[in-house]
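Everything below concerns the one structure shown next.
The values are calculated or read from the model by the stated rules, or taken from the named source; none is laboratory data. All of these numbers come straight from a predicted model, not from anything done at the bench. In this analysis, Cβ positions are derived from the backbone assuming ideal geometry, glycine residues included, and neighbour counts consider all displayed protein chains. All accessible areas refer to the heavy atoms of the entire protein, side chains included, with ligands and DNA or RNA removed. Shrake-Rupley method; radii C 1.70, N 1.55, O 1.52, S 1.80 Å.
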Amino acid sequence: MRFELMKKNNKKKWIIGSIAALGLISVGIYASSYAKYQKIEDLKLAEGKINYKPYDFKIVAMYKSDDGTNYTEIDTMPESGYVINESKSYCMADNNTQVKGKLKTINGIHSVTGLKKNEKCYIWFDLKNLTIDDIIATLNPKTTTPTFSNIATTDEGVYSVSDGMYGGNSYYWRGAATTNYVKFAGKCWRIIRINGDKTMRLIYDGATCHANGTSTADSIAVSKTAYNSISNKSEYVGWKYTSGSQRPSSITSGTNAPIKTALENWYNSNIGNNAIYANKVADGKYCNDRNVQSGQSWATSGSTFFYTGYKRLYTDYAPTLSCTALDTYTLKAGLITADEVMYAGGKGHNTSYYLYNGQYYWTMSPCYWNGEGSSPFVFFVHSNGYFDGTYVSNTSPGVRPVINLKSDTLFTARGNGTLENPYIVAD
């Protein structure tokens with residue numbers, strides 16, 4: 001069903017009578033604060049020339065844009081996929097003064113309110129913005145479990161997995177993904193996963209978007225820093241730590257690891273100081289799993305022991321999205337976990353998945369304590385694609401920020417997640 005353009009010189013009028021008889025127009029009647037009524041004409045359900053009783057208003061011209069900038073005049077109203085641009089569209093009275101009639105699209109229905117007889121409207125249509133639900137609808141996620149003992153070197157698509165941190169199911173990209181590029185805050189990001197609460201988890205991928213595996217001067221890390229400059233005690237794997245303790249007594253107590261401070265400084269300077277950007281970032285959940293492998297005991301020093309992540313990823317090949325409450329930090333920006341690296345396809349050497357770009361970077365996951373007189377180790381991704389642990393005072397790995405976009409974030413409709421056409425977060 002469609003509307004056709006009513007030109008200014010077209011004097012022929014179609015009279016639309018009974019709504020029930022014709023079934024063409026959905027009319028809603030709403031009471032105002034003064035007990036008066038407004039009629040809402042549902043433009044989507046009508047067909048024919050737009051010039052009907054009792055208001056007899058006209059659509060004089062319509063325009064459509066797919067990029068939000070360049071508009072062309074159209075003769076047929078878009079049936080779906082477009083919304084009325086409320087800032088551009090307007091109506092005029094016979095004396096050529098602008099009137100207070102409202103033009104808008106609500107739940108896919110083009111509607112006008114507040115018009116009087118003989119008023120005429122000019123309508124601009126924009127391609128509809130995408131929601132995260134719209135993106136999910138295109139994914140066709142696999143519900144099987146990949147063989148995590150194998151690296152993922154091809155584009156394996158998107159998988160669904162139970163989300164122990166957010167509830168529900170999480171959708172994660174695996175292998176040489178080509179449909180998870182996002183432009184936000186003037187920078188390029190890759191989607192790690194869409195969380196169970198429909199927030200979108202992104203990892204920084206540089207100032208500009210580039211192909212998988214590309215070693216480039218455009219760094220995927222915002223700085224290079226030690227995870228912790230102190231390395232003689234096992235507790236220094238903590239995002240926040242307390243001397244002599246496996247973890248602080250509460251999630252808000254303890255001393256910040258230097259890498260946490262470096263990351264927060266970058267976030268505040270590049271996103272947090274911009275109200276538009278900051279308003280789109282959710283309070284994300286980030287895991288710093290300090291549980292110790294079964295059969296071993298934590299100690300601030302002494303003999304070697306392994307954190308659960310080591311066994312989970314190196315022996316069992318069983319990544320998880322669950323995390324102990326005292327190791328789950330609520331942050332505006334954090335780091336990727338070792339489990340998320342394995343979900344993405346990391347294991348041993350992999351230079352063919354989307355997280356590899358020929359550069360070092362940290363994860364947020366403790367690996368093991370190497371014994372008295374040594375150093376605690378944290379998982380990292382090596383510049384040669386090797387996924388392993390390194391000592392916390394190593395200054396070679398970089399800080400690669402991870403953020404979560406809010407579930408109501410909108411993306412311009414012209415993006416599809418590819419390198420050439422990334423999802424673009426709408427202003």
| field | Gain in span if fully extended, ASN274 to SER303, counting 0.36 nm per residue against the direct Cα distance | value | 5.7 nm
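At 1.4 Å probe size, put SER294, SER229 in order of accessible surface, largest to smallest. Before the final figure, lay out the partial values.
Working: SER294 110, SER229 90 Å².
Largest accessible area first, the residues go SER294, SER229.
Obtain the radius of gyration and the Kirkwood radius of the chain from its C-alpha atoms and give Rg over Rh. Numbers along the way, then the final one.
Values: Rg = 27.8 Å, Rh = 24.6 Å.
With Rg and the Kirkwood Rh in hand, the quotient comes to 1.13.
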| Considering the Cα trace of region 143-273, what is its radius of gyration and what is Dmax, both in angstroms? | 17.7, 45
| Using 19 Å as the cut-off for backbone N distance, which residues of region 92-113 belong to the label zone defined by a point 7 Å from the Cα of THR76 along Cα→Cβ? | 109-110
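Over the alpha-carbon set of region 115-213, divide Rg by the Kirkwood Rh and report the Rg/Rh ratio to two decimals. Could you put the intermediate results ahead of the total?
Details: Rg = 18.8 Å, Rh = 16.0 Å.
Here Rg/Rh amounts to 1.17.
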| remark: Within the chain, the cysteines whose Cβ lies no closer than 4.7 Å to any other cysteine Cβ are CYS367
| query | What do you get for Rg/Rh over region 91-150 if you use C-alpha atoms and the Kirkwood form of Rh? | reply | 1.41
| said: Residues of region 300-330 with backbone nitrogen within less than 13 Å of a virtual label 7 Å along the Cα-to-Cβ line of SER149, please, listed as ranges. | reply: 314-318
| field | Share of alpha-carbon pairs per 5 Å distance bin for region 49-185, given as whole % | value | 2, 8, 14, 14, 12, 9, 8, 8, 7, 7, 6, 3, 2, 1, 0
| said: Suppose each label sits 7 Å from its Cα in the direction of the beta carbon; what would the SER294-THR418 distance come out to in nanometres? | reply: 4.7 nm
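What is the diffusion coefficient of region 237-282 in µm²/s, taking the Kirkwood radius over Cα pairs and the Stokes-Einstein relation at 4 °C with a viscosity of 1.567 mPa s?
Numbers: Rh = 12.1 Å.
Approximately 107 µm²/s, per Stokes-Einstein.
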| query | In the full protein assembly as shown, how much of LEU313 is accessible to a 1.4 Å probe, in Å² to the nearest 10? | reply | 0 Å²
| query | Of LYS100/LYS198; LYS187/LYS285; LYS233/LYS280, which ones are farther than 28 Å apart at the Cα? | reply | LYS100/LYS198; LYS233/LYS280
| remark: Hull volume per residue for region 195-250, using the convex hull of the C-alpha atoms, in Å³ is 170 Å³
| Say R0 is 41 Å: what FRET efficiency, to the nearest 0.05, do ASP67 and SER250 get from their beta-carbon distance? | 0.25
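What percent does the relative contact order of the chain come to when contacts are Cα pairs within less than 8 Å and at least six residues apart?
Values: 1060 pairs, mean separation 69.2, N = 427.
Over the chain, the number comes to 16 percent.
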| note | Longest principal axis of the chain (C-alpha) makes with the long axis of helix 258-267 (C-alpha) an angle, in degrees to the nearest 10, of 20 degrees
| By a straight-distance test (C-alpha under 16 Å), which aspartates and glutamates pair with LYS240 as possible cross-link partners, with residues fewer than eight away in the same chain excluded? | GLU264, ASP289, ASP327
| remark: Once amide hydrogens are built 1.01 Å from N within the peptide plane, the residues lying 5 or more places from TYR356 or on another chain with amide H under 5 Å from its amide H are GLY213
| field | Alpha carbon convex hull of region 274-427, projected area averaged over orientations, nm² | value | 11.1 nm²
